[in-house]
Every structure is written in structure tokens, then in C-alpha cells.
Amino acid sequence: MEVKLNRVDNDFHIEAKGTSNVVVNIDGSHGIGGHDKGARPMELVLMGLGGCASIDAISILKKQKQQIDRYEVIVTAERVDAIPAVFKSINIHFRVVGDVDEIKLKRAVDLSMDKYCSVSAMLKEKVKITYTYELNK
């Protein structure tokens, strides 16, 4: 796997591309001279975790013939008050609406978070990761 990053301006705006050739914009905060032209690097970590968990959970639910009408994940994190300001805890909240059996949803989320999601497996060595879900709310 390889990604390439190129600086776009004279400050912190960076365009990143992976093997899919999709551009992801990254930028720093206004506080350090950024211009809100992209996501912050730590936001991208949370997006990666939520995306990885979602792909796994959705794949499992589809294999179980569950009908997902709406799907949303909210990832929240708390960082330490030090440099580097790493994450100390992360919660992933899955919201699913559809004709989905709750036992199958729980199983899909558990499998995603505890077995299949590579990002979760990597992060949980250093960060407390919790997850919750709700169905048809």
C-alpha cells in the first residue's frame, strides 16, 4: 500500500492520493496558519476507523440479507492534554435504520470491532475503544 502527499499552498494544505487515485485534502487549523481546506490529520484517523468498521459491519449485514435503509456512524474521541495530543479514548456509535434483526446487528458490530477492522486492531493497543449501536431510532 502506498499514498502520496503533495503540498498545495505555501502553508499546510496537502492533497493526498492512494491507490484509488481519490484526492483527500488535509489542512491545519487556523490557529497554526491553516485555511480549512481539508480535514485535520487526527480527524482522518477517526474517519479511517469509522470507515473500516462500517465496511465490515455493512458487509456482514448484507451477507445476512439484512435490509439497511439508513446507516450512520458517529465517532467521538478524547485526546490527552499533552504533546503529542494522542487519543486516550474513542467511541464509535452505529445508527442503523431498516429491516435489521437486532441480534444480527450486534453480532455484525462485534465482529467488525473485535475481529475484522484492521484500524481498530491497530489503535486498540494504545487507545481505549468502545462502541455502541442503536436500531430504528
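The values are calculated or read from the model by the stated rules, or taken from the named source; none is laboratory data. This structure is a prediction, so every number in the text was calculated from the model and none was measured. We place every Cβ from the backbone using ideal geometry, glycine too, and count neighbours over all the protein chains shown.
Quick notes on this structure:
- Some residue of the range 125-132 being surrounded by fewer than 14 Cβ atoms within 10 Å (Cβ to Cβ), over 18 Å from the mean Cα position of the chain (by Cα) and in the same structural domain as Val45 (by TED's automatic domain parsing): no
- In the range 9-42, the qualifying residues are those that are surrounded by 14 or more Cβ atoms within 10 Å (Cβ to Cβ) and of a type in the set (A, V, I, L, M), and the one that is nearest to Val119 (Cα to Cα) is Met42.
- For the range 46-60, the condition of being assigned by TED's automatic domain parsing to the domain that holds Gly98, more than 15 Å from the chain's Cα centre (by Cα) and within 24 Å of Met113 (Cα to Cα) holds for at least one residue.
- Filter result (surrounded by 12 or more Cβ atoms within 10 Å (Cβ to Cβ) and in contact with a helix residue (DSSP H, G or I) (Cβ under 9 Å, 6 or more places away or on another chain)) within the range 75-96: Val75, Ala77, Arg79, Val86, Phe87, Ile90, Ile92, Phe94, Val96
- Selected residue (criterion: farthest from the chain's Cα centre (by Cα)) from residues of the range 78-119 that are free of Cβ contacts under 8 Å to residues at least 12 places away in the same chain and farther than 20 Å from Pro41 by Cα: Ile103
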